[in-house]
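First the structure, in the form of structure tokens, and then the observations on it.
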Amino acid sequence: MTRPRLLITRRIYPEALEALAGHFDITDNQANDTPTTKEGLMAAIGQADYLFCTVADKVDGDVIAAAPSLRMIATGAVGFNNIDAQACKARGIALSNTPDVLTETTADFGWALLMATARRVSESERYVRQGQWKGWAFDQFTGVDVHGATLGILGMGRIGGAIARRAAGFNMRVVYHNRSKAQQEYGAQYVDKQTLLAESDHLIIVVPYSQATHHLITAADLAQMKPSACLVNIARGGVVNDADLLNALQRGQIRAAGLDVFENEPALHAGFLALDNAVLTPHIASSSRATRGRMVMLAAENLLAHVQGRPLKTPVAL
Ligand code: GLV
């Protein structure tokens, strides 16, 4: 009996590959694990019945149109803005993502960026590595306090909630803004966007990217923030207008930013690289081995469920 054909765009963990192996005829990228291009994806997907993709694969309408047999896409990520969900819906292609399994790890990393940004960890480490440290001084790499400050969260979903919970240990006031007032508030106070911007000492952005959240933070929003404020983006590039943010950082309009995501990643505005008040990481918020393993396995379990006619574990409602 012929098995359904599965295209896996990037290297995945052996345990997931093993689980999938008996059920699919697999084409994968295990050997070199290179990022896909649109042309490469269109060429590779032609025969596929199933696609296992990542946050970095752009599965747009053209890619989906190039796959006439495609039945399901499993992305190993919670966000799926890189996939044309409408095109999936129109073709009856099922879609799954990986919510929940990455919530706590991603919240940890939001805090890592917040702390590194407020306390100038990357900048001062560069100074030490470059051999510039000649001795201790009072006014050396003075940052801003995290404890006792006001933490603002833009997007009080699962990850926003997990970030808010952690703030209790730092004795912080937590304010948040969401399109709808969230149910679980974790001691956080709902405020309008203007109040969130004006009152946050540290602002963490965690909203999913969509047309509605495109450039949710622009120059006008940054202008409402405190000059001492730090901004952390672990959501998606595109939620923040990066050119406006760069400008605000260069002018000292806000103090600093911790950025794990960028508008055209992996490309980013060169200006960010020259800034000492920006902590820059390569979209790794969910990257602990345990959590990345759970994400890959959940994507695999969704594929197996579909091929065996069972309900998907974590379907995206289309
Ligand atoms: C990562 O960005 C994800 O959406 O899982």
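Couple of notes before you dig in:
- For the residue pairs 38/89; 38/181; 58/313; 58/226, the alpha carbons lie more than 30 Å apart in 38/181; 58/226.
- Listed values for the stretch 246-256 are Karplus-derived 3J(HN,Hα) couplings in whole Hz (6.51 cos²θ - 1.76 cosθ + 1.60, θ = phi - 60°), namely 4, 4, 5, 5, 5, 8, x, 5, 10, 6, 6, and x replaces Gly and Pro.
- In this structure the amide hydrogen of residue 172, modeled in the peptide plane, comes within under 5 Å of the amide hydrogens of 148, none closer than 5 places in sequence on its chain.
- Added length on full extension, which subtracts the Cα-Cα distance from 0.36 nm per residue, residue 39 to residue 180: 46.8 nm
- Loop-located trypsin sites (Lys or Arg not before Pro) in the stretch 141-204, at most 13 other Cβ atoms within 10 Å (DSSP): 179, 181
- Between residue 125 and residue 27, the C-beta separation translates, for a Förster distance of 51 Å, into a calculated FRET efficiency of about 0.75.
- Between the stretch 146-203 and the stretch 9-59, the Cα center-to-center distance that results, in Å: 38
- Exposure proxy ranking, count of Cβ atoms within 10 Å, fewest first, for 185, 199, 15: 15, 185, 199
- Full-stretch length increase - residue 212, residue 142 - with 0.36 nm per residue and alpha-carbon distance subtracted: 21.4 nm
- Trypsin sites (Lys or Arg not before Pro) within the stretch 203-272, DSSP loop, no more than 13 other Cβ atoms inside 10 Å: 251
- Sites residue 69 and residue 284 - FRET efficiency at Förster radius 41 Å, r taken between beta-carbons, to 0.05: 0.75
- For the listed peptides 134-143, 204-213, 37-46, a ranking on the average number of other beta carbons within 10 Å per residue, highest first, reads 204-213, 37-46, 134-143.
- Nitroxide proxy distance, nm - points 7 Å out along Cα→Cβ at residue 189 and residue 313: 4.1
- Relative contact order of the stretch 103-280, defined on C-alpha pairs under 8 angstrom at six or more residues apart (%): 21
- Helical content alone sets the calculated 222 nm signal of the chain at -9000 deg cm²/dmol, taking -39,500 (n - 2.57) per DSSP H segment of four or more residues and averaging over every residue.
- In plain terms, the residue of 26, 12 with the fewest other Cβ atoms within 10 Å comes first and the most crowded comes last, giving 26, 12.
- Once backbone amide H atoms are built at 1.01 Å from N, residue 26 has 6 as its partners under 5 Å, excluding neighbours fewer than 5 places away on the same chain.
- Percent of Cα-Cα distances greater than 26 Å, calculated over the stretch 103-280: 25
- Based on C-alpha pairs under 8 angstrom that are at least 6 apart in sequence, the chain has a relative contact order of 18 percent.
- Amide proton proximity set for residue 95, modelled H, under 5 Å, gap of 5+: 73, 316
- Of all beta bridges that DSSP places with both ends in the stretch 103-280, some 5 percent have antiparallel geometry.
- Charge context of residue 82, other residues only, Cβ under 15 angstrom, K/R +1, D/E -1: -2
- Counting DSSP beta bridges with both ends in the chain, the antiparallel % (nearest 5): 5
- Under Stokes-Einstein, with the Kirkwood radius over Cα pairs as Rh, the value for the stretch 158-238 at 20 °C and 1.002 mPa s is 162 µm²/s.
- In this simple spin-label approximation, residue 276 and residue 223 carry label points 7 Å from Cα along the Cα→Cβ vector, and these lie 2.9 nm apart.
- Summing Lys and Arg as +1 and Asp and Glu as -1 over all other residues whose Cβ lies under 13 Å from the Cβ of residue 149 gives a net charge of +1.
- Translational D in µm²/s for the chain (Stokes-Einstein at 25 °C, 0.890 mPa s, Kirkwood Rh from C-alpha pairs): 117
- Distance (nanometres) between label positions extended 7 Å along Cα→Cβ at residue 173 and residue 56: 4.2
- Counting beta carbons within 10 Å around each of 93, 159 and listing the fewest first gives the order 93, 159.
Each value in this text was obtained by applying a stated rule to the coordinates, not by laboratory testing. Just so it is clear, the structure is predicted and the values come from calculations on it, not from any experiment. Ideal geometry is used to build each Cβ from the backbone, glycine not excepted, and the neighbour counts take in all protein chains shown.
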